[in-house]
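Q: Just dropping this structure here.
The values are calculated or read from the model by the stated rules, or taken from the named source; none is laboratory data. In this text, all values refer to a predicted model and were calculated from it rather than measured experimentally. When we count neighbours, we look across all protein chains shown, and the Cβ atoms used for this are built from the backbone with ideal geometry, even at glycine. Heavy atoms of the whole protein, side chains included, go into the accessibility calculation; ligands, DNA and RNA do not. Shrake-Rupley method; radii C 1.70, N 1.55, O 1.52, S 1.80 Å.
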Amino acid sequence: MPEAMDAPEIMGNVPGAYALGVFRERHPILVRQVREALPYTPDRLRALDALLDEVVRDVMEPLDDPDGPDGTAHDHAAWAAWGRGKIGRRWVDVPFLWAESYFYRKLLEATGYFGDGPWRGVDPFGPAKQAELHSTAVDDELAALDHAATLPEHERAAGVLLGSLWGNRADLSHAITATGGPGPVGELVVDDGALLWSLLRDRAPGKVCVLADNAGRELLPDLVLIDHLLDRGLAAEVVLHVKPQPYFVSDATPADVAASLRRLAGAPGQAGKTGERLWRAMGAGRLALRAHPFSCAPLPYSDMPDDLREEFASAALTITKGDLNYRRLVGDRFWPSATPFAAVTSYFPGPVVALRTLKSDVLVGVDEAVSAALDASGRSWRTSGTHATIQGRP
């Protein structure tokens, strides 16, 4: 993005800031929850306790321990380059996006996810993901698809888009320190939904890239939206980008996509029919999965590698889901809220629409009068998940 538009990066060392709460409250709680989620062996428990101590002491230690049970981390060189000038400092004194990503990478190291032992490849967030995916709340949401199928076409299209948008509230990471349940659907602060549909309806069907966020209750409505695009001929192909490894508690991986497709296909009514269509689309290559390593890099999309740039450039539309993808798309900075979305995403190599419920401080494309009025309300509307935006750039 243009240097002239740079704004200060979001840090965690501002008293009362959302980012500070993540480091002081959410991360210690999360380490403890992961410690209890699976029957870890003594070496893994010691590693998790060491990470908890590191978080509480607020000093970032190097990723790998050459003398430890796992040896040198396989991606040590990449993290050493990304972390130059950061490792050894306080967690809160480096950019929030980078530090959060580093925390989750260290959490995987502590659980032995990349090691040669029995915990290799075991998702530490798996129990929570599975409990959510098979909850009665999901049963009710899938049953609602039967009613949606009776709606006029324009209402059904609006419904699947809003379902994908507000599904982003189902975020296990955010729920760790949230008070109360998600509550009813909140307020849509910016609505470029018409732009999204025009980019798909006003031209021949092409490739649509969807950058997924969370698994479970968010991924299911994302898959319903993807089915709508394929079934209505609005997309010739959908490429669903997920994380190659567990990340940010509930972020979707290929295994989570498989579990969600099984959940849909095994459901009665319209949900089951949706699952069956998507299953066939996967087998026919009309629905493809990507798990690019950059999806777990602590970097904005403006730093994306050439192969990803080529992928998005060839797409008729890229849809990004969720707060983390939004932060990476526009830059995790204290932008003035009226900063144009099109300006900060001008680097992106194709049309892009971001579906996001607000769960962190970064925000662009909102009129100053609107943001000032919401600020004056006294509500934590920028971080609570009660407000959302659909923002796009052709």
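Q: What do you get for Rg/Rh over segment 52-165 if you use C-alpha atoms and the Kirkwood form of Rh?
A: Reported Rg/Rh, Kirkwood definition of Rh: 1.19.
Q: Now for a separate question. Can you tell me the Rg and the Dmax, both Å, for the Cα atoms in segment 313-394?
A: Here Rg and the maximum Cα pair distance are 12.7, 44 Å.
Q: Right, another one. Take every DSSP beta bridge with both residues inside the chain and express the antiparallel ones as a percent of the total, to the nearest 5.
A: Roughly 30 percent of the beta bridges in the chain run antiparallel, per DSSP.
Q: Which listed residue (Ala144, Ala338, Trp381) has the Cα farthest towards the positive end of the charge dipole for the chain, taking +1 on Lys and Arg C-beta and -1 on Asp and Glu C-beta about the Cα centre?
A: Of the options given, the answer is Ala144.
Q: Also: To make sure I understand the rule: partners must be aspartates and glutamates, Cα under 16 Å from the Cα of Lys86, and not fewer than 8 residues away in the same chain. Which ones qualify?
A: Lys86 reaches Glu9, Glu54, Asp58, Glu61, Asp64, Glu100.
Q: Give the carbon-plus-sulfur fraction of the accessible surface of segment 73-136 in %, rounded to a whole number; probe 1.4 Å, heavy atoms of protein chains only.
A: It is 57 percent, rounded to a whole number.
Q: Suppose we keep just the alpha-carbon trace of the chain; what are its Rg and Dmax in angstrom?
A: Cα radius of gyration and Dmax of the chain are 20.5, 64 Å respectively.
Q: Still on this structure: What is the Cα convex hull volume of segment 244-394 when expressed per residue in Å³?
A: Expressed per residue, the convex hull around the Cα atoms of segment 244-394 is 142 Å³.
Q: Further question: At a 1.4 Å probe, what is the % contribution of carbon and sulfur to the accessible area of segment 288-340?
A: Ligands and nucleic acids excluded, carbon and sulfur reach 55 percent.
Q: Find the accessible area per residue for the chain; the probe is 1.4 Å, ligands and nucleic acids are left out, and the unit is Å².
A: Solvent-accessible surface per residue comes out at 40 Å².
Q: Shifting gears a bit: Among 223-230, 370-377, 155-162, how do they line up by average Cβ neighbours within 10 Å per residue, starting with the highest?
A: Ranking the peptides 223-230, 370-377, 155-162 by packing returns 223-230, 155-162, 370-377.
Q: What does the highest-first list of 315-327, 126-138, 255-267 look like by mean Cβ count within 10 Å?
A: The packing order, highest mean first, is 315-327, 255-267, 126-138.
Q: About the Cα centre, and with charges only on the beta carbon of Lys, Arg (+1) and Asp, Glu (-1), how big is the dipole of the chain? Nearest 20 debye, please.
A: In total the dipole reaches around 420 debye.
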